[in-house]
Amino acid sequence: MQRALYDPVDPRRLGSLLPDNHFRVNGEVYRFCGEKTLRRFMQEPELWCGVSRDPVNGERFIPSTRSPWVYFVGGPYYFSSDTTRDRFVDDPARYEVKRAL
C-alpha cells in the first residue's frame, strides 16, 4: 500500500507527483511538497514515517531512533528486531518491497 499524497512533514500540503520529491522507507513511497520537507524527512525518516511493516516478519511497528535498520536500494529499511534485520541482510532480494513510483 502506498502512502497518501500528503506531505508527511507538512500534512497541510499535498506531496508532489514528481519523482524528485519522492523517498522510500521500507519500500513505501513518501511524497513531498518540496525539497525543504524532503530533506527534513531524509535526515530522520523514523520520526515522520509513522507505522511501518517489518519486511521480514510482517509485524507492524513504529520505528524509532533505536530501531535496527539498513540502507538498501533507494532508502532505509527499519526492522522490529536485530534478528529480522540480520535475516534481511543475508538475503535482501527475498524481502525487498517493490513499489512503483
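The values are calculated or read from the model by the stated rules, or taken from the named source; none is laboratory data. Keep in mind the model is a prediction, meaning the values are calculated, not measured. Quick reminder, even Gly has a Cβ in these numbers, built from the backbone with ideal geometry, and neighbours come from all protein chains shown.
The condition (being loosely packed, with under 12 Cβ neighbours inside 10 Å and at pLDDT 95 or above) is satisfied by just one residue among Asp91, Asp54, Asp82, Asp86: Asp82.
Listed by first and then second residue, the pairs linking a residue in the stretch 7-27 that is surrounded by fewer than 17 Cβ atoms within 10 Å (Cβ to Cβ) to a residue that is assigned to a loop (DSSP other than H, G, I, E, B), with Cβ atoms under 6 Å apart and 6 or more places separating them unless they lie on different chains, are Arg13/Asp7; Arg13/Cys33; Leu14/Leu5; Pro19/Leu101.
Only one of the numbered conditions (1) at pLDDT below 95; (2) over 10 Å from the mean Cα position of the chain (by Cα) is not met by Ile62, and that is (1). Among the residues of the stretch 56-90, those that are charged (D, E, K, R) and assigned to a helix (DSSP H, G or I) comprise Asp82, Arg85, Asp86, Arg87, Asp90.
Within the stretch 13-55, the set of residues being in a loop (DSSP other than H, G, I, E, B) and either among the aromatic types (Phe, Trp, Tyr) or out of contact with any strand residue (DSSP E or B) (no Cβ under 9 Å at 6 or more places or on another chain) (or both) comprises Phe32, Gly34, Glu44, Trp48, Gly50.
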